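K.L.:
I am attaching a structure below and will ask some questions about it afterwards.
The values are calculated or read from the model by the stated rules, or taken from the named source; none is laboratory data. What you see is a predicted model; the values in this text were computed from it and never measured. Cβ atoms come from the backbone with ideal geometry, glycine included; neighbour counts cover every protein chain shown.
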Amino acid sequence: MNAKTAMALGLGCALTAWSLLGSGPVGAAQATTAQATAATSAAGAAAASSAAPGYRSQYHFSVPDHWKNDPQRPIFLDGAFHYYYLYNADYGTKVGTAWRHATTTDNVSFADQGVAAPKETNANYDLWSGSAVIDTHNTAGFGAGTVIMLVTQMDHPTPQQITDASGPQAQFLWYSTDGGRNFRPYGESPVIPNGGRRDARDPKVVWDAARDRWVAAIAEGDRISFSTSPDLKNWTRVSEFVNDQLGTLECPDLFQLRADDGTLHWVLGLSANGYRTGDPNTYAYWTGDFDGTRFTPDKTAPQWLDQGFDWYGAVSWEDPAAPLERRFAMGWMNNWTYAHTTPSWPTDGFNGTDSIVRTINLKRYSDGYALASRPVDTLADHATATRDLGDLTVNGVLPLDYQGDAYQLEADVSWQTATNIGAQLRVSADGTRHADAGVTTGPGAYSYLNRGQTGNPGPMGGKYETRGAFDPAKKKVRLRILVDRTSVELFVDDGRQTHTQLVFADPADKGLKLYASDGPATFANVRITEFAGLDQRPATVLADFEGGSYGSGWSATGDFTGTAPVTWDAPGRVGTAYADTFVPGRDSATGTLTSPAFTIDRRALHLLIGGGRHPLGQPGATSVNLLVDGQPVRTATGFDSGELRPVRWNLDDLQGRRAQLQILDDASGDWGHLMVDQVVLSD
C-alpha cells in the first residue's frame with residue numbers, strides 16, 4: 001500500500017503505521033495452538049470471504065457509514081460523554097478525515113451527532129488525531145466552558161501534499177461554544193509549529209492542576225515530546241521521551257491513576273509497533289512519574305494493554321465519579337496491514353468498529369504495577385438473555401447447545417493434567433472453521449487467541465495467533481470472551497492479559513464448543529449472555545445553509561423571496577454560510593423561510609440561533625418554529641446578539657409525526673432579524 005492509498009481511505013494518528021507492519025507473523029508457530037481442535041482450512045477461509053451481508057456489530061460501536069479510524073478521547077459534559085473519531089464520508093473516492101461526534105451516558109450505547117469538525121474548512125485541509133478539553137477557567141479567552149481541541153493538520157499543504165499526506169504536520173486549535181457539537185478553527189496558523197520534523201502529530205492535552213497549566217504530549221517518530229502552556233495558544237517545549245525500538249510512535253496518552261495499594265502513579269501510553277521486539281502492535285505503556293516537565297518510567301521496557309492484533313489508536317478517559325481510581329479505554333479494532341480488506345465495506349457500506357469500552361485499574365503485582373481491564377459494568381444493562389450452563393466436565397471437545405454470533409461467554413476453568421483448554425467460537429456446521437480462545441499450561445504456558453481456522457482478515461495470511469503471559473504453575477483460569485459479528489475479545493483472569501482480534505467468520509458459522517487436551521478440565525459457572533442491538537441511527541442534517549441556497553424544497557415569503565444564505569462572519573457559525581433575515585441588508589425585512597416536510601424520527605432537534613429576542617406570541621416575533629399540522633409545537637427566539645447559540649428541543653412526544661421548520665421574522669425595529677444555522681436531528 002502506498003501513502004496515496006492510505007490517505008484516500010482515511011487516516012489519522014496511524015499515518016505511517018501501515019508502512020511499518022506486514023513484517024510477517026508474530027511467530028512461526030502461530031497456527032499451532034488450535035491443533036487440538038482442527039487444522040487450518042483453506043476451504044473455510046474461502047467460504048468466509050464469500051459470505052453474505054451482515055457484518056455490522058451487534059453491541060460494539062461502529063461508524064454509521066463509510067470509514068472511521070482513530071478514536072479521540074471523550075470528554076464529559078452536561079451528563080454525557082462526548083466521543084469524537086476520525087471519519088471520512090468520501091471513503092473510497094476522496095482523501096481526508098473529519099471529526100465525527102457521538103454521545104453516550106453509559107459507554108455502551110452511542111448516539112450519533114454528525115460531523116463536529118469538517119475537513120476542508122480551511123487551507124490546512126483535513127483533520128487527524130488530537131484531543132479535546134473543556135476550558136473551565138477560560139484560559140484561552142473564548143469563554144469559560146468552551147470545548148477546545150488541539151488537532152494535527154498539515155500546515156498549508158500543496159495539492160500534491162494533500163494527495164500523498166506529505167505536508168508539514170503541525171498542531172492547530174479549534175474551539176466550540178455550543179457544548180462540543182460544532183468546532184471552528186482558530187485561524188489558519190498552528191499554535192505548535194512543525195519545527196522541521198517529519199512526524200509531529202496526535203497532541204494529547206491534559207491539565208496539570210499542580211502547576212496550573214496545560215501539558216501536551218505529541219508523537220514525533222521515535223519520541224514523545226512534552227510542551228506546556230498557560231492558555232492553549234502559546235506553548236513551550238520542555239522535554240522528550242525517546243524510544244527507538246517500537247517503530248513510529250503514535251497517539252500518546254498521559255494520565256495519573258491510584259493503584260490498589262493506595263499509591264498514585266503516572267502512566268504514559270502510546271500506540272506502537274512491537275513486532276521487531278516480539279511484542280504486539282497495540283497500546284504500549286509505562287508506569288512512572290511526571291514532574292510537570294519530564295516523564296520518568298519505572299522500567300525501560302513497556303507493558304501492553306492488549307496482546308491482540310486489533311486494538312490500535314487507543315484512548316483512555318477518566319471516570320468522573322472517581323477520576324483517580326479508574327479510567328475507561330477503547331481502541332480501533334483494525335490493523336493497517338489489512339485495514340481496507342474488511343468485508344463490511346462491500347456488503348454493508350462501512351469500515352470501522354471500536355472495541356468494547358473497558359474499565360481500567362492500576363494494580364500492584366509481584367513484578368510491579370500494571371493495568372488491568374474489563375468490559376464496562378454497564379454492558380450488563382444491555383443484556384437481553386442469559387443462559388447458565390452450570391459446571392461442565394470437558395475431556396476433548398464438547399459442543400454446546402447454542403448458536404450465536406454476538407454474545408459473551410464466561411467460565412471458571414480448573415484442571416490437573418490438561419495442557420490446552422479453551423473455547424471454539426463461530427464454529428461452522430462441519431466443524432472445520434472456528435476461532436479459538438484459551439490458555440496452554442505447564443512450562444512455556446501462555447494465553448492465546450487464534451483465528452487461523454476462520455476469516456483471517458490478512459490478505460497475505462499470517463497473523464493467526466496472539467499470545468500473552470500465563471503463570472505455568474496455575475491450575476485455574478477465568479475466561480471472559482466477547483464475541484460479536486466481526487470480532488473476538490478475550491479477557492484472562494483479572495484482565496491484565498487481553499486479546500482483541502477481528503474475526504471475519506462466515507455469518508452462518510455460529511457454533512460454540514469447549515475443549516481440553518491431555519486430560520479433563522472443569523468449566524464451572526458457564527454463562528452465555530446476549531445483548532440488545534445498539535440502535536445507532538445516524539444524525540440527519542436538515543439544513544446547513546451551505547451551497548448557495550437554503551436547501552432543496554425550502555420556500556420563502558415576503559422580503560425573503562429570492563434571497564440566499566449569507567456568508568458574513570458571525571461567532572458560532574458552522575461552515576461558511578447561515579440563514580439571516582437581515583436581507584437585503586436591513587432589519588425591517590419581514591417574511592418566512594420554511595423547510596420541506598420531514599418525519600420526526602430522532603429524539604432531539606438541535607439548531608444554532610442568533611439575532612433578535614422577540615418570542616412567538618408577541619407582536620413582531622423573530623422565532624424559529626417547529627410546525628406539526630401547520631401549528632407551532634416548539635419555538636425559540638434570539639438573544640439580541642450576533643452570536644449563534646445552541647438550542648435543543650426534545651422530540652420524544654412527536655415521534656413519527658410530519659413536521660416543518662419555519663424561520664419567522666415579523667419584526668421591523670431594532671434587532672428585527674434572526675440568524676439560524678446547522679439544524680440537525682439526532683438521538
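K.L.:
List the pairs whose first member sits in the stretch 178-191 and is surrounded by fewer than 16 Cβ atoms within 10 Å (Cβ to Cβ), whose second member is in a loop (DSSP other than H, G, I, E, B) and among the aliphatic types (A, V, I, L, M), and whose Cβ atoms are under 9 Å apart, counting only residues at least 6 apart or on separate chains?
P.N.:
From the stretch 178-191, the pairs are 188/123.
Condition check ((1) in contact with a helix residue (DSSP H, G or I) (Cβ under 6 Å, 6 or more places away or on another chain); (2) within 18 Å of residue 128 (Cβ to Cβ)) across all residues:
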| residue | (1), (2) |
| --- | --- |
| 165 | yes, yes |
| 170 | no, yes |
| 178 | no, no |
| 188 | no, yes |
| 194 | no, yes |
| 213 | no, no |
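K.L.:
Can you find a residue in the stretch 354-371 that is more than 30 Å from residue 415 (Cα to Cα), part of a strand (DSSP E or B) and touching a Leu at 6+ places or on another chain (Cβ under 9 Å)?
P.N.:
Within the stretch 354-371, none of the residues are more than 30 Å from residue 415 (Cα to Cα), part of a strand (DSSP E or B) and touching a Leu at 6+ places or on another chain (Cβ under 9 Å).
K.L.:
Let me ask something else about it. Quick one: in the stretch 419-466, which of the residues that are surrounded by fewer than 24 Cβ atoms within 10 Å (Cβ to Cβ), touching a Gly at 6+ places or on another chain (Cβ under 9 Å) and among the aliphatic types (A, V, I, L, M) is nearest to residue 505 (Cα to Cα)?
P.N.:
Of everything passing the filter in the stretch 419-466, 429 is nearest to residue 505 (Cα to Cα).
K.L.:
Pick out the one residue from 547, 591, 553, 585 that is on the phi > 0 side of the Ramachandran plot and buried (at least 17 other Cβ atoms within 10 Å of the Cβ).
P.N.:
Details: 547 fails: buried (at least 17 other Cβ atoms within 10 Å of the Cβ); 553 fails: buried (at least 17 other Cβ atoms within 10 Å of the Cβ); 585 fails: buried (at least 17 other Cβ atoms within 10 Å of the Cβ).
Going through 547, 591, 553, 585 in turn, just one is on the phi > 0 side of the Ramachandran plot and buried (at least 17 other Cβ atoms within 10 Å of the Cβ): 591.
K.L.:
Kindly establish whether residue 545 is under 33 Å from the mean Cα position of the chain (by Cα) and of a type in the set (A, V, I, L, M, F, W, C). Even if it seems obvious, please write down each step before you answer.
P.N.:
Values: under 33 Å from the mean Cα position of the chain (by Cα): yes; of a type in the set (A, V, I, L, M, F, W, C): yes.
When the stated conditions are applied, residue 545 passes them.
K.L.:
Count, please, the residues in the stretch 238-264 that happen to be closer than 25 Å to residue 276 by Cβ and hydrophobic (A, V, I, L, M, F, W, C). It would help to see each step written out before you state the result.
P.N.:
First, the residues of the stretch 238-264 that are closer than 25 Å to residue 276 by Cβ: 240-254.
The next check asks that each one be hydrophobic (A, V, I, L, M, F, W, C); those that pass are 241-242, 246, 249, 251, 254.
Number of matching residues: 6.
K.L.:
Check off (1) modelled with pLDDT of 95 or more; (2) under 19 Å from residue 555 (Cβ atoms); (3) over 39 Å from the mean Cα position of the chain (by Cα) for residue 615 and give me the number that stays unchecked.
P.N.:
Tallying (1) modelled with pLDDT of 95 or more; (2) under 19 Å from residue 555 (Cβ atoms); (3) over 39 Å from the mean Cα position of the chain (by Cα), residue 615 fails exactly one: (2).
Conditions tested, residue by residue: (1) closer than 29 Å to residue 104 by Cα; (2) of a type in the set (A, V, I, L, M).
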| position | (1), (2) |
| --- | --- |
| 591 | no, no |
| 616 | no, yes |
| 620 | no, no |
| 634 | yes, no |
| 637 | yes, no |
| 640 | no, no |
| 644 | yes, yes |
| 654 | yes, yes |
| 657 | yes, no |
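K.L.:
Now for a separate question. Would you confirm, using the coordinates I've provided, whether residue 353 is touching a His at 6+ places or on another chain (Cβ under 6 Å) and in contact (Cβ under 8 Å) with a residue 24 or more places away in the chain?
P.N.:
On the way: touching a His at 6+ places or on another chain (Cβ under 6 Å): yes; in contact (Cβ under 8 Å) with a residue 24 or more places away in the chain: yes.
Yes: the conditions hold for residue 353.
K.L.:
Answer yes or no as to whether residue 138 is in the same structural domain as residue 250 (by TED's automatic domain parsing) and in contact with a Pro (Cβ under 6 Å, 6 or more places away or on another chain). Don't jump to the end; show me each part of the working.
P.N.:
Details: in the same structural domain as residue 250 (by TED's automatic domain parsing): yes; in contact with a Pro (Cβ under 6 Å, 6 or more places away or on another chain): no.
Here the answer is no, as residue 138 does not meet what is asked.
K.L.:
Which of (1) touching an Asp or Glu at 6+ places or on another chain (Cβ under 7 Å); (2) surrounded by fewer than 23 Cβ atoms within 10 Å (Cβ to Cβ); (3) within 29 Å of residue 212 (Cα to Cα) is the odd one out, the single condition residue 64 does not satisfy?
P.N.:
Single failed check for residue 64: (3).
K.L.:
Okay, moving on. Might you let me know whether the stretch 85-103 holds any residue that is farther than 30 Å from residue 220 by Cβ, surrounded by fewer than 20 Cβ atoms within 10 Å (Cβ to Cβ), in the same structural domain as residue 248 (by TED's automatic domain parsing) and modelled with pLDDT of 95 or more? Steps first, please.
P.N.:
First, pick out the residues of the stretch 85-103 that are farther than 30 Å from residue 220 by Cβ: 92-93, 103.
Add one more test, that the residue is surrounded by fewer than 20 Cβ atoms within 10 Å (Cβ to Cβ), and what stays is 92-93.
Checking the rest, the ones that are also in the same structural domain as residue 248 (by TED's automatic domain parsing) come to 92-93.
Those left that are additionally modelled with pLDDT of 95 or more: none.
No, that holds for no residue.
K.L.:
Taking the condition of being of a type in the set (Gly, Ala, Ser) and in contact with a Gly (Cβ under 8 Å, 6 or more places away or on another chain), how many residues in the stretch 71-103 meet it?
P.N.:
Residues flagged as of a type in the set (Gly, Ala, Ser) and in contact with a Gly (Cβ under 8 Å, 6 or more places away or on another chain) within the stretch 71-103 amount to 1.
K.L.:
Please specify each residue of the stretch 652-675 satisfying the condition of being at negative phi, surrounded by fewer than 21 Cβ atoms within 10 Å (Cβ to Cβ) and not polar (S, T, N, Q).
P.N.:
Pass one, the stretch 652-675, residues at negative phi: 652-655, 657-670, 672-675.
Applying the additional criterion that residues be surrounded by fewer than 21 Cβ atoms within 10 Å (Cβ to Cβ) yields 652-655, 657-658, 660, 662, 666, 668-670.
652, 653, 654, 657, 658, 666, 669, 670, listed by residue number.
Residues are listed down the side, and each one gets a yes or a no for (1) of a type outside the set (A, V, I, L, M); (2) assigned by TED's automatic domain parsing to the domain that holds residue 574; (3) within 17 Å of residue 604 (Cβ to Cβ):
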position	(1), (2), (3)
649	yes, yes, yes
652	yes, yes, yes
656	yes, yes, yes
659	no, yes, yes
665	yes, yes, no
671	yes, yes, no
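K.L.:
Exactly one condition in (1) without any contact (Cβ under 8 Å) to a residue 40 or more places away in the chain; (2) surrounded by fewer than 19 Cβ atoms within 10 Å (Cβ to Cβ); (3) within 23 Å of residue 173 (Cβ to Cβ); (4) not small (Gly, Ala, Ser) is not met by residue 77; state its number.
P.N.:
(1)
K.L.:
Continuing with the same structure: If I go through the stretch 618-637 residue by residue, how many of them are in a loop (DSSP other than H, G, I, E, B), without any contact (Cβ under 8 Å) to a residue 40 or more places away in the chain and within 15 Å of residue 672 (Cα to Cα)? Give the derivation first.
P.N.:
Let us first name the residues in the stretch 618-637 that are in a loop (DSSP other than H, G, I, E, B), namely 618-621, 629-630.
Filter once more, keeping what is without any contact (Cβ under 8 Å) to a residue 40 or more places away in the chain: 618, 629-630.
Imposing the further condition that a residue be within 15 Å of residue 672 (Cα to Cα) reduces the set to 618.
Residues meeting the conditions: 1.
K.L.:
Please go through the stretch 320-343 and pick out each residue that is at pLDDT 95 or above, touching a strand residue (DSSP E or B) at 6+ places or on another chain (Cβ under 7 Å) and either among the aliphatic types (A, V, I, L, M) or not in a strand (DSSP E or B) (or both). Outline the logic, then answer.
P.N.:
To start, the set of residues in the stretch 320-343 that are at pLDDT 95 or above comprises 320-334.
Going one step further and asking which of them are touching a strand residue (DSSP E or B) at 6+ places or on another chain (Cβ under 7 Å), we end up with 320, 324-334.
Selection gives 320, 324, 325, 326, 329, 330, 333, 334.
K.L.:
Just checking, how many residues over the stretch 256-266 are out of contact with any Gly (no Cβ under 8 Å at 6 or more places or on another chain) and either buried (at least 22 other Cβ atoms within 10 Å of the Cβ) or among the hydrophobic types (A, V, I, L, M, F, W, C) (or both)? Break it down into steps so the answer makes sense when it comes.
P.N.:
Applying the first criterion (out of contact with any Gly (no Cβ under 8 Å at 6 or more places or on another chain)) to the stretch 256-266 yields 256-264.
Then drop every residue that is not either buried (at least 22 other Cβ atoms within 10 Å of the Cβ) or among the hydrophobic types (A, V, I, L, M, F, W, C) (or both), which leaves 257, 259, 264.
Final tally of qualifying residues: 3.
K.L.:
If you check 202, 289, which single one turns out to be of a type outside the set (Phe, Trp, Tyr), buried (at least 23 other Cβ atoms within 10 Å of the Cβ) and either touching a residue at least 60 places away in the same chain (Cβ under 8 Å) or assigned to a strand (DSSP E or B) (or both)? Give the steps one after another, and end with the answer.
P.N.:
Details: 289 fails: buried (at least 23 other Cβ atoms within 10 Å of the Cβ).
Only one candidate qualifies: 202.
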